[in-house]
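Everything below concerns the one structure shown next.
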Amino acid sequence: MQTLLRQIPKTDKLLCALNTVLNAPNQTLLKKLTAEFLESYRQSLLQGGEILSLESCVNCIAKNYQNATQKSLKSLINATGIIVHTNLGRSVFSQEILQEIAPLLTRYNNLEYDLQKGARSERYIHLQGLFKALLNAEDVLVVNNNAAAVFLIFNTFAKDKEVIISRGELIEIGGSFRIPRVMEDSGAILREIGTTNKTHLKDYENAICENSAMLFKAHKSNYAINGFTEEVEFEELTNLAKAKNLIDYYDLGSGYFSLLESQLGDFEPSLEKIAALNPSLVSFSGDKLLGGAQAGIIFGKKALIDKLKQNQLLRMLRVDKFTIAALEATLNAYLQGKIHKIPTAFMLLKDTKILQQEAEFLAKEIPSCFSPKVIPTKSYSGGGAMPNHYLESFGVAFYAKDLNTLNLNESKLEKYLRKNGIIARLENSALILDMRTLLEGESKRIVESFNALLKGTQCTQI
């Protein structure tokens, strides 16, 4: 056994060989990976593994070093037709927005500094004027996501008190975020009323007691209950809360401004319509239908927002300068009606005739041997919003029966495109590139990938 273990190269010999074939500025990491490899190699030999040459050992460590120093996040082309794609980073920023906020991130700024008084200020003030202009909101608070907003509100106003909610709104979203568990962890007491499919105003009225703190409504963004159903509108809930001197709180999940109402108004209420009800508190996500940075945005009564700011949890949940700068630029674009600066909003409103023209152009540019076909298709808003609502769109489809001559099928083509950073959709034995979610210049990259596939030998290697 000792003879076998003597076959393991010395650390110094390996490092010397590595530094001749590898540009490794981080020698500490290289030594760590070398030590890990040697231990793994030793265990392999003890279990009867094969003896490796010095070259094989060097190549293995070099590969581990390259993998460790390679950036994991990569830019992708979203051709799925899902606009706010949770797995692909949700909403994207335009170059215009990034150029606006770049000086704020590369230089010092007045995040918490009052230029008039020469004294400390608070970071949320930069968004207050915009929300007042857009929604006539008394005050606003921003935390790192909407889940944090929900938790903070429960913890501040309903600790050891009851929150009344319809059984049909005890939602779960991605990552096992469940309203009942959030209430429990925040210290609030869940008081569920009604049934899964029907809840009446009288159910709320009958549940109110001395220990009641809040009437809570959670928007069913990521699912729908159809058929024999009934729910209480937020306006009714708001009126009841005011009459009983309770807090009304609406967790919208997603939220959008009325500029998008032509596309979304039949399915979800706009922020303006909700704000017009003069609610106590409303929260929603910043990176869903709004099209901004990840954030949990809370607006409502100033007195209540002030209490939220006094909660010690806020220090753990507060947002940084990037989030505030990005939200400020996004809100300002809405205020000026410059939808083109907000890709999410622009995609939602994009005309199907333009999408058809773009699909026809892309199909003509892709080599004809792939048999690209322009088809009408359906896009979705994504981000857990409006599960029953789709947007008419156009795409370029590739069918399995047409790809056989190239030793391809739709799954192999999807895998090839995915390796090249193009995420497409598989549907009914076809691969579809939905035009609605393509950004400027991305069609060219798609064509280049098809040309590379045709010229190379990848077809038989996928």
Per-residue Cβ contact counts at 10 Å, fewest first, order Y399, Y416, Y334 as Y399, Y416, Y334
If the label point sits 7 Å along Cα→Cβ of S75, residues of the stretch 84-128 with amide N under 17 Å come out as 88-102
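Give me the dipole magnitude in Debye, nearest 20, for the stretch 2-69 about the Cα centre, with unit charges on the beta carbon: positive for Lys and Arg, negative for Asp and Glu.
Details: 7 positive and 5 negative charges, 28 e Å.
Computed about the Cα centre, the dipole is about 140 debye.
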Placing +1 on each Lys and Arg Cβ and -1 on each Asp and Glu Cβ in the chain, then taking the dipole about the Cα centre, the residue among L252, Y124, Y416 whose Cα reaches farthest towards the positive end is Y416
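Say the cut-off is 32 Å between C-alpha atoms; which of K307/K350; K273/K341; K302/K338; K341/K444 go over it?
Details: K307/K350 41 Å; K273/K341 24 Å; K302/K338 29 Å; K341/K444 21 Å.
Going by Cα-Cα distance, K307/K350 fall outside the 32 Å limit.
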Treating only Lys and Arg (+1) and Asp and Glu (-1) as charged, each at its beta carbon, one finds that the chain has a dipole about its Cα centre, in Debye to the nearest 20, of 1520 debye
T106 and E440 label points (each 7 Å along its Cα→Cβ direction) are spaced in nm at 2.0 nm
Scaled by the rule-of-thumb 2.2 N^0.38 Å, the alpha carbon Rg for the stretch 2-69 gives a ratio of 1.07
Amide H proximity to A188 below 5 Å, modelled H, separation 5+ or other chain, gives D160
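Taking 0.36 nm per residue of sequence separation and subtracting the Cα-Cα distance, how much length would be gained by fully extending the chain between K419 and E392, in nm to one decimal?
Values: separation 27, 0.36 × 27 = 9.72 nm, distance 2.82 nm.
Working it through step by step, the gained length comes to 6.9 nm.
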One finds the C-alpha centres of the stretch 132-151 and the stretch 396-431 to be spaced, in Å, by 43 Å
Share of Cα-Cα pairs in the stretch 358-411 beyond 16 Å, whole percent, is 54 percent
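Compute the FRET efficiency between Q99 and K31 as 1/(1 + (r/R0)^6), taking r as their Cβ-Cβ distance and R0 = 51 Å, and round to the nearest 0.05. Let's see the in-between values first.
Details: r = 42 Å, r/R0 = 0.82.
That pair, Q99 with K31, gives E of 0.75.
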Given backbone amide H placed at 1.01 Å from N, residues whose amide H is under 5 Å from that of Y113, ignoring those fewer than 5 places away on the same chain, are S121
A chain fully extended from Q310 to K353 at 0.36 nm per residue, minus the present Cα-Cα distance, gains in nm 10.3 nm
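If you average the sequence gap of Cα pairs under 8 Å that are 6 or more apart and divide by the length of the stretch 158-276, what percent do you get for the contact order? Provide the component values of the computation, followed by the final result.
On the way: 170 pairs, mean separation 29.6, N = 119.
The normalised contact order for the stretch 158-276 reaches 25 percent.
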As straight-line cross-link partners of K198, the qualifying lysines (C-alpha separation under 18 Å, not fewer than 8 residues apart within one chain) are K217, K220
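Looking at the chain, send over the antiparallel percent of its DSSP beta bridges, to the nearest 5. Working shown, then result.
Numbers: 30 of 52 bridges.
Of those bridges, close to 60 percent are antiparallel.
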Sorted largest first, the C-alpha extents of the stretch 95-341 along its principal axes in whole angstrom are 55, 40, 34
Once amide hydrogens are built 1.01 Å from N within the peptide plane, the residues lying 5 or more places from G383 or on another chain with amide H under 5 Å from its amide H are V84, T86
Cβ density ranking, 10 Å radius, fewest first, applied to T80, T69, T86, T330 yields T69, T86, T80, T330
Expressed in Å to one decimal, the Kirkwood Rh of the chain from all distinct alpha-carbon pairs is 26.0 Å
Here, the stretch 32-149 modelled as identical Cα point scatterers in vacuum has Debye log10 I(q)/I(0) at q = 0.16, 0.19, 0.20, 0.22 Å⁻¹ of -1.01, -1.19, -1.24, -1.32
At 10 °C and 1.306 mPa s, the Stokes-Einstein diffusion coefficient in µm²/s for the stretch 190-270, with hydrodynamic radius from the Kirkwood sum on alpha carbon pairs, is 113 µm²/s
Expected vector for the stretch 286-295, Karplus 3J(HN,Hα) from phi with 6.51, -1.76, 1.60 and θ = phi - 60°, integer Hz, x for Gly and Pro, equals x, 10, 9, 5, 5, x, x, 7, 4, 5
Length gained if F267 through H340 is fully extended, taking 0.36 nm per residue and subtracting the Cα-Cα distance, is 24.0 nm
Ignoring trypsin sites (Lys or Arg not before Pro) buried by more than 12 other Cβ within 10 Å or outside DSSP loops, the longest site-free run in the chain is 118-462
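Laboratory data are not the source of any read-out in this text; all were calculated from the coordinates shown. The structure displayed is predicted, hence computed values, not measured ones. Positions of Cβ are backbone-derived with ideal geometry, glycine not excepted, and every protein chain shown enters the neighbour counts.
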